[in-house]
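The values are calculated or read from the model by the stated rules, or taken from the named source; none is laboratory data. This is a predicted model, so every value here is computed, not measured. Please note: Cβ atoms are built from the backbone with ideal geometry, for glycine as well, and neighbour counts cover all protein chains shown.
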Amino acid sequence: MQLLSPIPESVLNALPVLDTNQLGRVVHKHTEMDGLPDLDGIKVAIIGVQEDRRAYRNVGCDGAADAIRPYLYQLYTGNWDFHIADLGNLYKGEQHYDTIAALKDITEELLQRNIIVVTIGGSQELTYGSYRAYDKLEQTVNVVSVDARLDVGAEGRDLDHQSYVSHLVLQQPHNLYNFTNLGYQTYFNNPEEINLIDKLFFEAVRLGEIQNQIPKTEPFLREADLVSIDLGAVRQSYNPGTFYTSPHGLSGAELCAITRYAGMSDKLTQLGLFEYNPRLDQRGQSAHLCAHALWYFFEGISLRYGDYPVGSKSDYQKYTVMIDENDEVNFYKSPKSGRWWIEIPKGAPDQNRTTLVPCAYEDYEEALQGTLPSRWWKAQQKA
């Protein structure tokens, strides 16, 4: 934690007088005067990371956290019963990879304390440092990226914001179980990268499949450990503050719905918000949007149901669908939330082991028509 610097006094002094229930008064802050806040009882910790050396053509995104904080601090709290800490900024290391390593170490410590980590970057390859924080936890990791681009990169390319996914897949230890991209736009992506994602039985969901249909993203977010958001996924009219924005993309409301779903996931322990560049912003529009997205993430956390894997599937409503005379598929519905899961065989057939994968009611309807849902097929390939 000694690698974290306080929130700049210039950020705090520029704030107006705040009410007692605005976030700037409620969040436990790392300041020059008070030092790091006590982490006992903290549910969520915010870290700003000032790293843009691999953000080609988007240099300036290292200032994201301090540009977003004034907008975030002026928002009023929701009906939350947990504490949030803002731990300040992790400055650039001597080398790019020093920053990645420092982020890994700090995040690892927070995860071991069962604290949800919010990383405000900086460029999106910081996701790799966040991902490596799970190494000592000895668990498989599901990563969801919200991005117009898949960011796989060419074979052998150094780690940067357009190649970090290949490093998630190839670098040891191999913790990655599933990777999902939400909102990719085909014309921004090499067809070879799209095919590779499919061959690895990962998920890539086109923008057109979720635009105006954001509830379709919820099952993917429900099984995520780490959600990484590239602000370039949001269209330019809502989000001028990044070099890679375009006329097409998610709306601001859709981004906030996604972060709310992410917060509601009982499994999720990290959210990363990347590629926001204050130098390109207009009247703080993108910074304001980022603050709203974080607010909805906090609200989502307050709405967690304690569903599977926290709860027991024995308490769920079970639905068995016969696909044909020999094959059946089991679905489970939570009585708490109304959310659905599909049962996937795991291991050798004679072991009689299964796991539950989040799905939508539409997957159950598809099975009723005699078709195995794509989520079942892809998950079964990796079981």
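The set of residues in region 208-217 being in a helix (DSSP H, G or I), surrounded by fewer than 19 Cβ atoms within 10 Å (Cβ to Cβ) and in contact (Cβ under 8 Å) with a residue 24 or more places away in the chain consists of 215, 216.
Among helices (runs of 4 or more DSSP H) lying entirely in region 1-81, which contain 2 or more residues that are within 30 Å of residue 304 (Cβ to Cβ)?
Working: elements: 9-13, 23-26, 64-73.
Fully inside region 1-81 and qualifying: 23-26, 64-73.
State yes or no: is residue 179 in the same structural domain as residue 270 (by TED's automatic domain parsing), within 15 Å of the chain's Cα centre (by Cα) and not in a helix (DSSP H, G or I)? Yes; evaluated as a whole, the condition is true for this residue.
Residue 155 meets each of the listed conditions (1) of a type in the set (Asp, Glu); (2) free of Cβ contacts under 8 Å to residues at least 60 places away in the same chain; (3) part of a helix (DSSP H, G or I) apart from (3). Scanning region 229-249 for residues that are surrounded by 20 or more Cβ atoms within 10 Å (Cβ to Cβ), among the small types (Gly, Ala, Ser) and in a loop (DSSP other than H, G, I, E, B) gives 241, 249. Against the conditions (1) buried (at least 16 other Cβ atoms within 10 Å of the Cβ); (2) under 21 Å from residue 265 (Cβ atoms); (3) modelled with pLDDT of 90 or more, where does residue 284 fall short? Just the number, please. The failed condition is (2). Condition check for residue 69 on (1) within 22 Å of the chain's Cα centre (by Cα); (2) surrounded by fewer than 18 Cβ atoms within 10 Å (Cβ to Cβ); (3) among the basic types (Lys, Arg): one failure, at (2). Among the conditions (1) modelled with pLDDT of 90 or more; (2) part of a strand (DSSP E or B), the only one that residue 279 does not satisfy is (2).
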